[in-house]
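First up is the structure itself, then whatever we jot down about it.
The values are calculated or read from the model by the stated rules, or taken from the named source; none is laboratory data. All values derive from a computational prediction rather than experimental measurement. Note: ideal-geometry Cβ built from the backbone for every residue, glycine included; neighbour counts use all protein chains shown.
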Amino acid sequence: MRIVVNLLALFLCALTASAQTAPSSEPDETAGEQTGFCPTTHNLELAPKAEYWLEGVLGSKTVKMYLNRGGSGVVGLFYEPNGDWKPILLGGMWKPSGIDLSAGADSAAFDSETLAPIGRLQGQLTDNLFLGQWTPTGSDNAEPVHLSVVPKIECDGKGVWKRFDSQKWPFSFSYPAAWHLVEEHDGPGDYIRLICPDPESMAYDNDVIVKEAVGKPTEESGLVLCGKEWRYNADCGDDIKDSAFDHIPVQSVRHGMKIMDISAREWRNYCRYGGYVAQTDGTDRVVLLQNGWIRITWQDASDIVGRIVETVRAHTAKSFPADHELPKAKKPQ
């Protein structure tokens, strides 16, 4: 009889312990915190976790939005696809009473020294709808918010591509029509930025960058011409036999232009406004023109850069229509 009682007591203790450790949908104040996410506008707990992509109306604006929940914390951003595509960062709390987020621009941390506050977003996310209000900073006028949950936006370049051909640049190329092209003018460092429409991707320093330069690549680019052989991140006298990376670029020729693949190196991913995330993969191609060269980089190992490179033409050649379905490019041999 005593054995039976003891077994029953052990069973009840185990049942009680199981009930105490059962998972809960409520935020755990003692839970650990996540790392390696962007933007870093608020701390995120380990659980519960959820990500949302939303589209709709925020006040008088049409926006695309990304929200990343970690317990009682939420981070994210939104931008206007019909405007300048400038990311507005979000950070705040996921409470039983609703979501309460502060919004700011050009900052990865919500503090008085670095944040330019622009508003407050409040609401409830239920049944794939976010309903709430947006209050601009310095205003008492709350504007309605109506956003619908949508599938994640992919940066795969599917669909129609369009042609970029400007007299300001000594080359032309094609890129996904759904992406946003920005000509950045920074003195001698002018370059072109291609932005994927995925708001999550915009939280990271993850745009396709197209740079151009005159003459031949210099040591500052990492490329060195050793006789007839190009090397990347290695001097001509270096012993590269046992190197962890291939310092001899993979080369090919397209339309009379030499293309060098210098992707084989260590890549690191950062938040758009600073903050190291983790190691990642990337793509880096150099195209040698007659009187200069261009470099196209992206922190992603997909074939988008390769497909763009396939369309590069020197000067302002117009061998493509304005909008067209682009055939998938072959990888350099």
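Quick look at the values:
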quantity: Any chance Ser174 is crowded, with 17+ Cβ neighbours inside 10 Å, polar (S, T, N, Q) and either out of contact with any Leu (no Cβ under 6 Å at 6 or more places or on another chain) or in the same structural domain as His255 (by TED's automatic domain parsing) (or both); calculated: yes
quantity: Of all residues making up region 29-66, the number that are within 17 Å of Gly98 (Cα to Cα), at pLDDT below 95 and in contact with a Leu (Cβ under 9 Å, 6 or more places away or on another chain); calculated: 1
quantity: Residue in region 67-75 that is surrounded by fewer than 18 Cβ atoms within 10 Å (Cβ to Cβ) and either in contact with a strand residue (DSSP E or B) (Cβ under 6 Å, 6 or more places away or on another chain) or modelled with pLDDT of 95 or more (or both) present; calculated: no
quantity: Subset of region 192-208 [surrounded by 17 or more Cβ atoms within 10 Å (Cβ to Cβ) and under 16 Å from Asp284 (Cα atoms)]; calculated: Ile192, Leu194, Asp205, Asn206, Asp207, Val208
quantity: Among (1) at pLDDT 95 or above; (2) under 18 Å from Asp84 (Cβ atoms); (3) in contact with a strand residue (DSSP E or B) (Cβ under 6 Å, 6 or more places away or on another chain), the one test that Ala178 misses; calculated: (3)
quantity: Identity of the residue in region 240-273, assigned to a strand (DSSP E or B) and aromatic (Phe, Trp, Tyr), that ends up nearest to Arg313 (Cα to Cα); calculated: Trp267
quantity: Positions within region 274-285 being among the acidic types (Asp, Glu) and part of a strand (DSSP E or B), in sequence order; calculated: Asp284
quantity: Count of region 151-195 residues which are without any contact (Cβ under 8 Å) to a residue 24 or more places away in the chain, part of a strand (DSSP E or B) and over 18 Å from Val312 (Cβ atoms); calculated: 1
quantity: Residue within region 177-200 that is among the hydroxyl-bearing types (Ser, Thr, Tyr), within 15 Å of Leu77 (Cβ to Cβ) and in the same structural domain as Ser302 (by TED's automatic domain parsing) present; calculated: no
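Residue-wise test of (1) exposed (fewer than 13 other Cβ atoms within 10 Å of the Cβ); (2) at pLDDT below 90.
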site	(1), (2)
Asp239	yes, yes
Met257	no, no
Ser263	no, no
Ser302	no, yes
Ser319	yes, yes
Asp323	yes, yes
